[in-house]
Amino acid sequence: MIQKPRGTRDMLPDEMERRREIEARMRARARLYGFREIATPVFEELELFTIRSGEGIINEMYVFEDKGGRSLALRPELTAPALRMYVEEGRSLNKPVKWCYFSDCFRYERPQKGRYRQFWQFGAELIGADSAMGDAEVIILGYDLLRTAGVKFVLRIGHLSFMRTLLADLDDEDKKKIRAFLDKREEETAVSHLRRIGLDDLCDPLISLCSARTLDEVFAVIGEIPEAARIREMFSILDSSGIPYEINPAIARGLDYYTGVVFECFAEGLGAENQILGGGAYRLAHLFGGEDTPSAGFAIGFDRVMVAVGEESWIPWQPEVIIVNTGEGRDHALFVAGEFRANGIITMTDLMDRSFSAQMKAAGKSADYAVIIGKDEVKAGTVTLKDMKTGTQEMLTVPEAVRKLISL
Ligand code: HAM
């Protein structure tokens, strides 16, 4: 038997309906802030991701050569593709450009619950706004989308300038290592690394910075940096918008392109794979041949959203109807099916040439209502609507039946 590739999933109709329902709510929410959906290719030139995504992602990429000898990669994320697209197509658009996407990504990771090799991201990118309001709006949208989806989570916000200031004197290699340790939440290893390279005097400040939970505590460790006013303004906008958050200067993010504010959301009850959103301010356009353009965005792990909200029904109930007819009622049955569907009623007809009683039996198993069409109904142009739960039935005109079903 051939099975699906490791780390991928098949999705049955119940799951797809739940996903589509939540996805539609999130899309509609993003639109309310002016974010419009884009789509980019599933595969891109490999270089797009090796320029600035960082080792973590590069090591997990699905890379292949096509028949023309081009090196390509399945997209591991959508920020680099969105910015490539902005440079190619979007430079003449009015700024700020507000784009969102809902697409699958591919990373060769060790699969477990909430971590897959093919997974879906719902993300947003704000391109060309360099302001506290812009940074804040991206965070507010991410927060709002997770709320809309029904996830319980905490939002943690940091800023890369905090660590950048503290670690200014380290060489690039050591900075990278410290960042990688912090990203894995291994603060003690980061401290040991500082000791190993003879920077003992930075150990206590690093510990204090990692545990700082207010801006005053942060600036007490690193001093008033040039970015301080903008950072304070952004947090005050979040406060005025009633967004609850924790300040966490240890947030490092796994991708290399971030430059300013960084934020992550962690969902309740997801175990190890609880990071449900990641984002921040970054600069990528100039690396792809465009002008240097300040940008900010985030991506939500949609599969983790689905694990977090669980199985409870998100799908509004809608009656399902099966038309049961004797052979001579077929034309009337087709007419009734057309009328019902035109009015948004889920309507099925017999496709297996079953007898009247076999059709009734099937209706009892899989429908809420049977619409019986026999000789009398054909003659009168009516239908008999039978509630399969209660067994009660009544003869109605077609418009009466439609009205009844859509009012349920
Ligand atoms: P990321 O943190 O690598 O950021 O991914 C964003 C989210 O995708 C994660 O928080 C997680 O929920 C989900 N995710 C990542 N890997 C997997 C996986 N293997 N299985 C299931 N879910 C996963 C980015 O990708 C950035 N492009 C976000 C961004 C947009 N930054 C600025 N704009």
- Restricting to the range 1-13, what's the tally of residues that are among the charged types (D, E, K, R) and touching a residue at least 60 places away in the same chain (Cβ under 8 Å)? 2
- Message: Residues to consider are 290, 310; find the one that is small (Gly, Ala, Ser) and closer than 30 Å to residue 89 by Cα.
- Response: 290
- Task: Just name the residue that is surrounded by the fewest Cβ atoms within 10 Å (Cβ to Cβ) out of those in the range 20-40 that are aliphatic (A, V, I, L, M) and assigned to a loop (DSSP other than H, G, I, E, B).
- Result: 39
- Residues of the range 44-93 classified as more than 23 Å from residue 294 (Cβ to Cβ), hydrophobic (A, V, I, L, M, F, W, C) and within 16 Å of the ligand (Cβ to nearest atom), total: 4
- Query: If you go through the range 94-120, how many residues are charged (D, E, K, R), buried (at least 16 other Cβ atoms within 10 Å of the Cβ) and either within 10 Å of the chain's Cα centre (by Cα) or more than 19 Å from residue 62 (Cα to Cα) (or both)?
  - Reply: 2
- Message: Tell me yes or no: at least one residue of the range 33-47 is within 30 Å of residue 271 (Cβ to Cβ) and of a type in the set (A, V, I, L, M).
- Response: yes
- Identify, please: which residue in the range 41-90 is without any contact (Cβ under 8 Å) to a residue 24 or more places away in the chain and in a strand (DSSP E or B) and is, among those, surrounded by the most Cβ atoms within 10 Å (Cβ to Cβ)? 63
- Message: With the requirement that a residue be exposed (fewer than 14 other Cβ atoms within 10 Å of the Cβ) and either touching a Leu at 6+ places or on another chain (Cβ under 6 Å) or outside any strand (DSSP E or B) (or both), what does the range 395-408 give you?
- Response: 399, 403, 406, 407, 408
- Note on the structure: Selection from the range 353-388 of residues more than 40 Å from the chain's Cα centre (by Cα), without any contact (Cβ under 8 Å) to a residue 40 or more places away in the chain and assigned to a loop (DSSP other than H, G, I, E, B) yields 353, 354, 355
- Message: Quick check on my filter: what residues within the range 106-120 are among the hydrophobic types (A, V, I, L, M, F, W, C) and within 7 Å of the ligand (Cβ to nearest atom)?
- Response: 119
- Read through the list (1) more than 30 Å from residue 114 (Cβ to Cβ); (2) crowded, with 16+ Cβ neighbours inside 10 Å, then give the number of the only condition that residue 309 fails. (1)
- Looking at the range 341-363, is at least one residue at pLDDT 95 or above and of a type in the set (Asp, Glu)? no
- Scanning the range 53-95 for residues that are modelled with pLDDT under 95, under 21 Å from residue 301 (Cβ atoms) and not acidic (Asp, Glu) gives 53, 54, 56, 57, 58, 59
- Query: Among the residues of the range 236-268, how many are free of Cβ contacts under 8 Å to residues at least 60 places away in the same chain and closer than 14 Å to residue 132 by Cα?
  - Reply: 3
- Note on the structure: Residue pairs within 7 Å by beta carbon, gap of at least six or interchain, first lying in the range 317-344 and under 15 Å from residue 375 (Cα atoms), second among the aromatic types (Phe, Trp, Tyr) and part of a strand (DSSP E or B), listed first then second, are none
- Item | Selection count, the range 49-93, where residues are of a type in the set (A, V, I, L, M, F, W, C) and under 22 Å from the mean Cα position of the chain (by Cα) | 11
- Message: Go through (1) within 9 Å of the ligand (Cβ to nearest atom); (2) over 20 Å from residue 259 (Cβ atoms); (3) crowded, with 17+ Cβ neighbours inside 10 Å for residue 123 and report which single condition fails.
- Response: (2)
- Give the residues of the range 208-223 that are in a helix (DSSP H, G or I) and of a type in the set (Val, Ile, Thr), sorted by residue number. 218, 221, 222
- Item | Enumerated helices (runs of 4 or more DSSP H) restricted to the range 104-207, each holding at least 2 residues that are within 20 Å of residue 275 (Cα to Cα) | 132-149, 172-183
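The values are calculated or read from the model by the stated rules, or taken from the named source; none is laboratory data. Source: prediction; values computed, not measured. Cβ coordinates were reconstructed from backbone atoms using ideal geometry, including for glycine residues, and neighbour counts include every protein chain displayed.
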